[in-house]
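One structure is given below, encoded as structure tokens.
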Amino acid sequence: MGQVAEKTKIVNFRVEPSLVEEARAVVEGQGSSLGKILKLFLKNIAVTGQVDLLSEEELERERLFRELQEEVQKNVADMSAGNYLTLDELEEQLFG
């Protein structure tokens, strides 16, 4: 007897367009598609019986930490390139 194709269900939900585009860029950069990743996410929940994700608060801390890391790396690169003020130059700019 032939195998019966399982029907699929279209899932719609609202999310900020910028979030979709950022996620799509990451996923496509890893050679996949947003649809495949979302399907894999749902399958993981169904198979494991768990939702193993960071909370909104944990995600916000992670975002802030990554921004801080980028800023520090930029500042280190600037200093390595000689783009900084000496203490005397800073005092001159601040106090004239």
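The values are calculated or read from the model by the stated rules, or taken from the named source; none is laboratory data. All values derive from a computational prediction rather than experimental measurement. Cβ atoms come from the backbone with ideal geometry, glycine included; neighbour counts cover every protein chain shown.
Worth pointing out:
- Test: GLU62 is modelled with pLDDT of 95 or more and outside the structural domain of ASN12 (by TED's automatic domain parsing): yes
- Filter result (of a type in the set (S, T, N, Q) and in a loop (DSSP other than H, G, I, E, B)) within region 16-47: GLN30, SER32, SER33
- Selected residue (only one of LEU68, LEU94 is aliphatic (A, V, I, L, M), exposed (fewer than 10 other Cβ atoms within 10 Å of the Cβ) and part of a helix (DSSP H, G or I)): LEU94
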